[in-house]
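Rule-based calculations on the coordinates, nothing more; no lab input. Remember, predicted model here, so these are calculated numbers, not experimental data. Cβ: placed from backbone, ideal geometry, glycine included. Neighbour counts: every protein chain shown.
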Amino acid sequence: MKSRFQKVLRIAVCAMLVAILAVTTLLATGCGRTDFDGSTVPVDVNLPKDTAANLKMGVLDDASEKTSAQAIIDAFNEVYPNIKITLDPISGNYTQGLLSRIKSDTVPDILYVGDDTISYFAEKKLLLNLDAHMDAAKFDTSLYYDSMIKLGQKNQNGSQYMMPRDYNKVVCYYNKDLLAEAGITKDNPLYPNDDWTYDEFLDLCEALKKSSLSSDIYPVDAMLAWPPVFNAFIRSYGGELMTVDGKPAFNTPEAKEGLSAMKTLLDKGYTINPMQKTEEIFNAEKAVMYFAVRPIMSNLQVAGINYDAVSFPFIGEKGYIGAGTSGYGIARSSKHPNEAWAFLAFMMSKDGQQAFSKTGNAVPVLKSLATDEDAIWNTIPDIQARFNHKAFIQFDERDTLKDYLNGVNVDLYAKIDSAMLNLLDNYMGWTVAAGDPDEVCAKVEKDINRILNSD
């Protein structure tokens, strides 16, 4: 009896130990991990500094992008000298290029991901869910701009699939020489400033239009076909493009008011037709102002423009400002997810953020660095001692994200985006005669509903 009891007890104890081990393993690997998330490699966020591995990083085949990525890699290798990361530029359409790599089993370990493709890549099972690594590392997202963290999530309200490397928001660049030529100096109330309203911006455009500047110089390149701009206009007047559950919402008085405010720029000749633009007109000094983000600064330096920047004007009732980011994720198929995470974690650290900032094209997503006046990014361009760096970080409470496709099946993204551009084209008269606003909105709303119902 005693030996039998001991045998049963041993079996029970073993079963209990197995259960404990299973639970421990589950916790170590992230209890939120499913087979959708891909990797079966246990999560390890504490790799020894002598860890060795060879990884590839998929990036845009663009000189600036490759320079930025390599700057972070070089700094990373000072900490992990034996984790070798080789750039793998993908030419042509980056999205399609990556998806084609899945079939040939050549997807790089680390992937560049833009905020407009994160949900698409997640649903296409290209990216690894980062939640388990973040939990294991006790990653504190509160240290970063919340809106940028959200952009790395599937549908901006779920699991993390991308770590944002920078904080990009639309600002208004302006050419100081062209303003002076137009007779508008720093002491003029029309001069651009961080607290200006849309009416004040329009007053400046009108003054520039009537000035002695050449007739082929536009007051502003407003980038009206760019989602961060047109989304900001529409939302600033209380409108929406799509509802949270993926239904068209632009056929409302509020959204039409935002569209009308955009059209004013075209009707008065203040901005160029975006469909007719054949070159970057601000660099060619054919526009006095330019709605753009930080990464274009290196191009302005090369072009030799005497420029500065102010905050995007306060539009409508809410004054929204378009904002976005890009960053890196881990391929679901990677054999080295922990080594890839080590890179992502470093990129988000102070040292990694500083390394990226040295390129001059980035505003740190780490808030303590973004607001540090002595941080590297605040010293670039060093040839302009009084450059208004604060334009890139202030008013973050007014940031608006490209979120109108969150409730839409990813396979319909391109069709919906095309329909949105069709809405703008027919409303503004870019390539066709402008139609009646009510009729245009009703037609495109019907078209989008047809697309959604065909899914």
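Report summary: the helix-based calculation at 222 nm, which adds -39500 (n - 2.57) for every DSSP H run with n ≥ 4 and divides by the residues of the chain, gives -12000 deg cm²/dmol.
The dipole here belongs to the chain: it is taken about the Cα centre, uses +1 on the Cβ of Lys and Arg and -1 on the Cβ of Asp and Glu, and is about 2100 debye. Pairs of alpha carbons in the chain separated by more than 35 Å make up 38% of all such pairs. Taken as Cα centroids, segment 83-150 and segment 285-323 sit 28 Å apart, rounded to the nearest whole angstrom. For the Cα trace of segment 90-194, dividing Rg by the Kirkwood Rh returns an Rg/Rh value of 1.20. Think of the chain as having a plus end and a minus end, set by charges on the Cβ of Lys, Arg, Asp and Glu; of 55, 303, 228, 55 sits farthest toward the positive end of this dipole. Using the Cα centre of the chain as origin and beta-carbon charges of +1 (Lys, Arg) and -1 (Asp, Glu), tell me which of 324, 69, 189 is placed farthest towards the positive end of the dipole. Among 324, 69, 189, the one farthest towards the positive end of the dipole of the chain is 69. Short-range pairs are left out: with C-alpha atoms under 8 Å and at least six residues apart, the relative contact order of the chain is 22 percent. A cut-off of 5 Å between modelled amide H atoms, ignoring neighbours fewer than 5 places along the same chain, links residue 144 with 367. Selection among 433, 454, 363 by position relative to the dipole of the chain gives 454 as farthest towards the positive end (Cβ unit charges, Cα centre). The residues 133, 389, when put in order of fewest to most other Cβ atoms within 10 Å, stand as 389, 133. Counting only DSSP beta bridges whose two residues both lie in the chain, roughly 60 percent are antiparallel.
Semi-axes of the equivalent ellipsoid of segment 235-376 are 34, 24, 16 Å, computed as sqrt(5λ) over the eigenvalues of the C-alpha gyration tensor in descending order.
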